[in-house]
Amino acid sequence: MSQLFSIHPDNPQNRLIKQAVEIIKSGGVVVYPTDCAYALGCHLGDKSAVDRIRRIRQLDDKHNFTLVCRDLSDVSTYAKLDNSTYRLLKAHTPGAYTFILRATGEVPRRLLHPKRRTIGLRIPNDSITLALLDELGEPLISTSLILPGEEYPLTEPYDIRETLQHSVDLVIDGGYCGMEETTVVDLTDEVPVLVRAGVGDPSHFE
């Protein structure tokens with residue numbers, strides 16, 4: 001049976017953040033709010049937790065997971081950044097964007113695009129997520145909480161817990177946070193390519 005933590009969206013309770021991070025560090029899969037929608041997350045180095053997320057969402061091994069980061073220093077650890085890319089990221093983070101970048105050797109191979117050696121990274125503008133990342137001290141592996149056969153992410157924490165109570169270890173109730181996904185931008189070539197329009201203003205990349 002999964003736990004349910006109600007965490008204040010603007011002033012996250014430190015005690016609950018610490019407990020949530022302990023669950024993540026011990027191999028747990030958590031549902032947490034972001035600045036777009038609820039997402040599934042787990043520890044970067046935990047293969048079994050990643051496999052559980054794959055089963056929940058019925059994902060194949062070609063699915064691109066996202067590394068959710070605290071700041072640009074985290075991003076630069078896991079992605080190759082030149083000066084122009086760094087400036088672009090600085091101008092659009094934190095926010096509702098996922099950027100596809102060429103990965104460094106710090107990213108586990110199982111998380112990479114199998115042919116392109118790329119990874120999606122993002123820095124969300126959400127107090128709960130940033131508090132989790134600060135306490136954890138490293139990125140979360142993450143993917144949107146869209147269940148098989150559904151078009152949109154789940155939005156109601158109590159419904160999420162009822163649906164996934166035997167599949168996840170923790171559901172964080174941070175209130176309503178929307179049901180749209182991030183805007184995805186590919187930065188692996190010289191010219192940015194808009195892959196998906198979402199919550200983040202796509203006009204900067206069109």
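Numbers at a glance
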{"quantity": "Pick from the stretch 8-33, criterion assigned to a loop (DSSP other than H, G, I, E, B) and buried (at least 21 other Cβ atoms within 10 Å of the Cβ), ranking: nearest to the chain's Cα centre (by Cα)", "calculated": "PRO33"}
{"quantity": "Every residue from the stretch 193-206 that is more than 16 Å from the chain's Cα centre (by Cα) and crowded, with 19+ Cβ neighbours inside 10 Å", "calculated": "PHE205"}
{"quantity": "Among the residues listed as CYS42, CYS36, the single one being at pLDDT 95 or above, more than 14 Å from GLU135 (Cβ to Cβ) and under 16 Å from the mean Cα position of the chain (by Cα)", "calculated": "CYS42"}
{"quantity": "Answer residue from the stretch 105-128, given it is touching a Leu at 6+ places or on another chain (Cβ under 8 Å) and β-branched (Val, Ile, Thr) and is farthest from ARG54 (Cα to Cα) among those", "calculated": "ILE123"}
{"quantity": "Tally of residues being touching a helix residue (DSSP H, G or I) at 6+ places or on another chain (Cβ under 9 Å) and hydroxyl-bearing (Ser, Thr, Tyr) across the stretch 1-28", "calculated": "2"}
{"quantity": "Single residue of the stretch 136-163 satisfying the filter (aliphatic (A, V, I, L, M) and touching a strand residue (DSSP E or B) at 6+ places or on another chain (Cβ under 7 Å)) that is nearest to TYR38 (Cα to Cα)", "calculated": "LEU145"}
{"quantity": "Within the stretch 124-158, considering residues that are within 18 Å of CYS69 (Cα to Cα) and small (Gly, Ala, Ser), the one surrounded by the fewest Cβ atoms within 10 Å (Cβ to Cβ)", "calculated": "GLY137"}
{"quantity": "From LEU72, LEU67, residue being among the hydrophobic types (A, V, I, L, M, F, W, C) and either buried (at least 22 other Cβ atoms within 10 Å of the Cβ) or over 18 Å from LEU133 (Cα atoms) (or both)", "calculated": "LEU67"}
{"quantity": "Any hit, the stretch 65-73, residues being over 23 Å from GLU181 (Cα atoms) and without any contact (Cβ under 8 Å) to a residue 40 or more places away in the chain", "calculated": "yes"}
{"quantity": "Qualifying residue in the stretch 146-161 (condition: among the polar types (S, T, N, Q) and free of Cβ contacts under 8 Å to residues at least 40 places away in the same chain)", "calculated": "no"}
{"quantity": "Selection from the stretch 142-185 of residues that are under 16 Å from the mean Cα position of the chain (by Cα), at pLDDT below 95, under 21 Å from ARG55 (Cα atoms) and among the hydrophobic types (A, V, I, L, M, F, W, C)", "calculated": "LEU145, ILE146, LEU147, LEU154"}
{"quantity": "The stretch 40-52, residues that are within 12 Å of LEU67 (Cα to Cα), among the small types (Gly, Ala, Ser) and not in a loop (DSSP other than H, G, I, E, B)", "calculated": "GLY41"}
{"quantity": "GLY120 vs. criteria surrounded by fewer than 17 Cβ atoms within 10 Å (Cβ to Cβ), over 14 Å from LEU40 (Cα atoms) and small (Gly, Ala, Ser)", "calculated": "no"}
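The values are calculated or read from the model by the stated rules, or taken from the named source; none is laboratory data. Remember, it's a predicted structure, so these values are computed and weren't measured experimentally. Glycine also receives a Cβ, built like all others from the backbone with ideal geometry; neighbour counts cover every protein chain displayed.
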